[in-house]
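Engineer: Pasting a structure here, questions to come.
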Amino acid sequence: MHRLGQLQTLVEIIPEGYTGKLQVMDVGVNRPFKKADGEEHFYFLQRNNDNNTPGTRILPTCQDVSHWINAAWKSVKEETIQKTWVHIGLCNPPMRPIDVLDEIEETQIQLGAEALMM
């Protein structure tokens, strides 16, 4: 720890059971992302290496890898990200349209009751 201080590195101890709240991506997003990225890589290998001479292979370009990452990220659903944040307790569940209508109706009922009391 002393050596880390000399390197101007601040060490923070994360309490047990709290890592998941600090590493949100690891909780629910990285798994589907990595799965989709691996599938893109697999398809690349299938398309480009089936007809090669045995023992040789075509390496992906930076553009190929960028395509995999883009496709993999697009495959992660917005709902998955939202559920992850809700699951770890850092955000409330998104309100469904019916919930919003119920809330408006309740407010109107309360306002009506208050108006009657006046």
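Engineer: Assuming 0.36 nm per residue, please report the length gained on full extension of the stretch GLU16 to HIS67 beyond their Cα-Cα distance.
Structural biologist: In short, 14.6 nm is gained.
Engineer: Can you give the accessible area of THR80, probe radius 1.4 Å, in Å² rounded to 10?
Structural biologist: Only protein atoms counted, so the area is about 40 Å².
Engineer: Measuring with a 1.4 Å probe in the full set of protein chains, what accessible area per residue, in whole Å², belongs to the stretch 1-83?
Structural biologist: 84 Å²
Engineer: Any chance you could look up the accessible area of LYS83 with a 1.4 Å probe, heavy atoms only, rounded to 10 Å²?
Structural biologist: Here the residue's solvent-accessible area equals roughly 120 Å².
Engineer: Need one word for the stretch 1-40: rounded, prolate or oblate. Basis is the Cα gyration tensor (sqrt eigenvalues a ≥ b ≥ c); a/c below 1.5 gives rounded, then a/b vs b/c decides.
Structural biologist: oblate
Engineer: For LYS74, list the lysines whose Cα falls under 16 Å from its own Cα; do not include residues on the same chain fewer than 8 positions away.
Structural biologist: In chain and number order, the partners are LYS34, LYS35.
The values are calculated or read from the model by the stated rules, or taken from the named source; none is laboratory data. These figures come from a predicted structure and were not determined experimentally. In case anyone asks, the SASA skips ligands and DNA or RNA and just uses the protein heavy atoms, side chains included. Shrake-Rupley method; radii C 1.70, N 1.55, O 1.52, S 1.80 Å.
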